[in-house]
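Chemist: Below you will find the structure I want to go over with you.
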Amino acid sequence: MKIGVLAVQGNFREHAAMLRRLGANAVEVRKPEQLQGLDGLVIPGGESTTFMRLMRLYGLDEAVREFTGPVLGTCAGMIVLDRRHLGALDIEVDRNAYGRQVASFEADLALDGDGEPLRGVFIRAPRVREVGPDVEVLAELDGEPVLLREGRFIVASFHPELTDDTRVHERFLELVREEARSACPHRGPVEGASGEPGGSRAPRRGGLHVRA
Amino acid sequence: MAELGTMRVKGGLAEMLKGGVIMDVTTAEQARIAEEAGAVAVMALERVPADIRAEGGVARMADPDKIREIQETVTIPVMAKARIGHFVEAQILESLEVDYIDESEVLTPADTANHIDKWKFTVPFVCGCTNLGEALRRLSEGAAMIRTKGEAGTGDIVNAVTHMRAVFGGIRRLGSLREDELYSEAKNLQAPVELVQWVAEHGRLPVVTFTAGGIATPADAALCMQLGADGVFVGSGIFKSSDPSTRAKAIVEATTHYRDAEVLARVSQGLGDAMSGLSAAALAPEDLLETRGW
């Protein structure tokens, strides 16, 4: 399973490291041609203004729009995917809406259908202002959505890659496997898609519940 | 309950800046140019290092009015500098809600022995270093980000290279030592043994490590990245050049595509004049800024 991590700027290395821990082949993407042959794409945290400028410069904005696989966006990655930017999800996001860095925080999040809290690290985080009818909310903080899914897109306003909790990435890789199966019904399991690095695996913590 | 100012939150912002360029700015207009060029953050200053060097006198924290004006102009993080050891300047900057404080040798030090106790603050700090011991001492005081020093305001990259090699080489050397040699090495480095052991085991500093001082061209920025920096600070190099906007964009692109020589060749052309600069080797020892910090 080959997953691209957008690497124009930001904390792409942490995402790549987490994907590798889960058995995926993670590669850095800086140019449009590097999207060829990917099973999924991660758009990491970073500065969204910097992302958009560097993506436009190389036509990566168009290339990401045309990319047909599952996409995970965290923080700046969520902003880039909203209605006002690439328009991948029917959500509208306000940048830095919790305030400046002194207001950055971490907090336990309640996951839909999962009793174990997920530690959310919010860094000058965006806030989801509007959610379209087809968007599912997978986690909330104080009644506001912070982890959402629409079709093949999962977005988070926090940074799952800054903790050791792999549940968001596991859920994303699960989506990648599902898409690969439905796109290619006669194909066997995707290479390296077992999600069982090194053959052994910690007991699964009740993964994210997704209403199908 | 939400927790503010944890080390993960402080260091987390630096993680988001990686692969990016942080630009020194002295006006709202410069901040706007920096943001448009793709800077990941700006450093709000009264004077850029080249002017501090030329004009002399005591260099202090910027006027709060200026910092607010810059905060109102851009949406990217705004950093500001406090003098080494001047914890009241840091308290003021925290109340202004700057996103990062640079306890910086570019300003005139306020204390010749002690740095700011950075654990006392919610706002994160970045500090400079010329070698591994200095980096680890800053971390023990609570710095959440490190930048290797160059000789600020010269446009000469040589000292930045020297200090990056000292820090990254020092880390590699630690990795080659036996466990029982790390205690004595901690004494040599004048740094806490727990930090020395962590670095020896992981082969890197526990925080994001940028480089600063003397970067004037896209090639300089890419050189720092290839030597192992997580990102770059550019001080006088942009707004002391003949075409700041074009140069700023070129340095941003070079920092992303730092291993792609074709991109580097393209962005290096037609930039106009770089800052004229000073040879760092020709400076008298008392004129060096990099030796400030203890």
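Chemist: If you take the accessible area of B alone, add that of A alone, and subtract the area of the pair, what total do you get in Å², probe 1.4 Å, to the nearest 100?
Modeler: It comes to approximately 3200 Å² buried between B and A.
Chemist: Expressed as a whole number of Å, what is the distance separating the alpha-carbon centroids of the stretch A:169-184 and the stretch A:61-117?
Modeler: Taking the Cα centre of the stretch A:169-184 as reference, the centre of the stretch A:61-117 is 19 Å away.
Chemist: Moving on to the next point. Hey, got the average number of other protein chain Cβ atoms within 10 angstrom for residues in B:16-26? It would help to have the intermediate numbers written out before the result.
Modeler: Working: counts 14, 7, 10, 13, 7, 2, 0, 0, 0, 0, 0.
Going residue by residue through B:16-26 and averaging, the value is 5.
Chemist: Per DSSP helix of 4 or more residues, -39500 (n - 2.57); summed, then divided by the residues of the protein assembly as shown. What does that give at 222 nm, rounded to the nearest 500?
Modeler: It comes out at -10000 deg cm²/dmol, rounded to the nearest 500.
Chemist: Right, another one. How many angstrom separate the Cα center of the stretch A:119-145 from the Cα center of the stretch B:1-49?
Modeler: Each part's Cα centre sits 25 Å from the other's.
Chemist: Another question, if that's okay. Using amide H atoms built 1.01 Å from N in the peptide plane, name the residues 5+ places from B:GLY128, or on other chains, whose amide H lies under 5 Å from its own.
Modeler: Correct list: B:GLU105, B:ARG147.
Chemist: Whenever you get a sec, line up B:SER276, B:SER241, B:SER140 from highest to lowest accessible area (probe 1.4 Å, protein heavy atoms).
Modeler: Descending accessible area places them as B:SER276, B:SER140, B:SER241.
Chemist: Okay, moving on. Could you bin all the Cα-Cα distances of chain B into 5 Å bins starting at 0 and give me the percent of pairs in each, rounded to whole numbers?
Modeler: Histogram of Cα-Cα distances, whole percents per bin: 1, 6, 13, 17, 20, 18, 13, 7, 4, 1, 0, 0.
Chemist: While we're on this one: Over what distance in Å are the Cα centres of the stretch B:232-271 and the stretch B:136-207 separated?
Modeler: The two parts, judged by their Cα centres, are 28 Å apart.
Chemist: Just add up the charged neighbours of B:GLY128: K/R +1, D/E -1, any other residue whose Cβ is under 12 Å from the Cβ of B:GLY128.
Modeler: Working: positive: B:LYS81, B:ARG137, B:ARG138, B:ARG147, B:LYS149, B:ARG292; negative: B:ASP102, B:GLU103, B:GLU105, B:GLU134, B:GLU151, B:GLU290.
Spelling it out: positives minus negatives among the neighbours equals 0.
Chemist: Hey, another quick one. Can you spot the aspartates and glutamates whose alpha carbon is less than 12 Å from A:LYS2's alpha carbon? Ignore those fewer than 8 places along the same chain.
Modeler: A:GLU28, A:ASP39, A:GLU191
Chemist: If DNA, RNA and ligands are ignored and the probe is 1.4 Å, what is the ranking of B:ARG137, A:ARG13 by accessible area, most exposed first?
Modeler: A:ARG13, B:ARG137
Chemist: Accessible area, 1.4 Å probe, largest first: how do B:ASP65, B:ASP260 sort?
Modeler: Correct descending sequence by accessible area is B:ASP65, B:ASP260.
Chemist: Not counting ligands, DNA or RNA, and with a 1.4 Å probe, what is A:GLU62's accessible surface area in Å² rounded to the nearest 10?
Modeler: My reading of the accessible area for A:GLU62 is about 90 Å².
Chemist: I'd like to compare B:244-252, A:130-138: which one has the highest average count of other Cβ atoms within 10 Å, and what's the full order after that?
Modeler: For the peptides B:244-252, A:130-138, the packing ranking is B:244-252, A:130-138.
The values are calculated or read from the model by the stated rules, or taken from the named source; none is laboratory data. Computed from a predicted model, the values in this text were never measured in an experiment. Glycine also receives a Cβ, built like all others from the backbone with ideal geometry; neighbour counts cover every protein chain displayed. These accessible areas exclude ligands, DNA and RNA; they are computed on the full protein's heavy atoms, side chains included. Shrake-Rupley method; radii C 1.70, N 1.55, O 1.52, S 1.80 Å.
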